[in-house]
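Here's the structure we're looking at; comments come further down.
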Amino acid sequence: LLDLVDGILDVLDSKEDTASDADFTRTDVIKYIHSQKSCRCSSNKNYFQGVNLSGHNLSKLDLSEVNFSSACLRNVSFSGANLQFTNFKHVDAEGATFDDANLCGSTFYGANLRGASFVGAKNFDL
């Protein structure tokens, strides 16, 4: 089954990853998050600090407790994602979409949110 999942992720990756200058693909993000959550190491946080994920579709993913501080998240779609206790300090999230996302406990201190959308976002507080 794992090979099937990897194959499906590869197909999704080839269709959805159009931001060629981004540091990671959607599939890279998903694989990393799954590896960290299956490890269950409390000292091992999901770090994407300072990376470029511009233009990616990260909608409907469980990205809770991820550290995106100082990352470039321009035009990223987080629609419907679980972003509880996620760190968005000093990110460049211009044009990002957080519609219907769960933002309970998330931090946006010093973030560039020009043109970002938060329609229907839950527990949203800047």
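The values are calculated or read from the model by the stated rules, or taken from the named source; none is laboratory data. The shown structure was predicted, so the numbers you read here are calculated from the model rather than taken from an experiment. We place every Cβ from the backbone using ideal geometry, glycine too, and count neighbours over all the protein chains shown. These accessible areas exclude ligands, DNA and RNA; they are computed on the full protein's heavy atoms, side chains included. Shrake-Rupley method; radii C 1.70, N 1.55, O 1.52, S 1.80 Å.
Using the structure shown, decide if Gly110 is closer than 20 Å to Val29 by Cβ and in a loop (DSSP other than H, G, I, E, B).
no
When the residues of the stretch 61-100 are filtered to those that are over 17 Å from Val51 (Cβ atoms) and aromatic (Phe, Trp, Tyr), which remaining residue is most open to solvent (accessible area, probe 1.4 Å)?
Filtering first and then ranking leaves Phe85.
Residues that are over 24 Å from Glu94 (Cα atoms), out of contact with any Ser or Thr (no Cβ under 7 Å at 6 or more places or on another chain) and modelled with pLDDT of 80 or more: does the stretch 26-44 have at least one?
Yes, that holds for at least one residue.
Return yes when Leu103 is under 13 Å from Asn123 (Cα atoms) and open to solvent by less than 10 Å² (accessible area, probe 1.4 Å) and no when it is not.
The answer is yes for Leu103.
List every residue pair whose Cβ atoms lie under 7 Å apart, where the two residues are 6 or more positions apart in sequence or sit on different chains, the first residue falls within the stretch 106-119 and is at negative phi, and the second residue, located anywhere, is among the small types (Gly, Ala, Ser).
Ala111/Ala93; Asn112/Ala93; Leu113/Ala93; Ala116/Ala93; Ala116/Gly95; Ala116/Ala96
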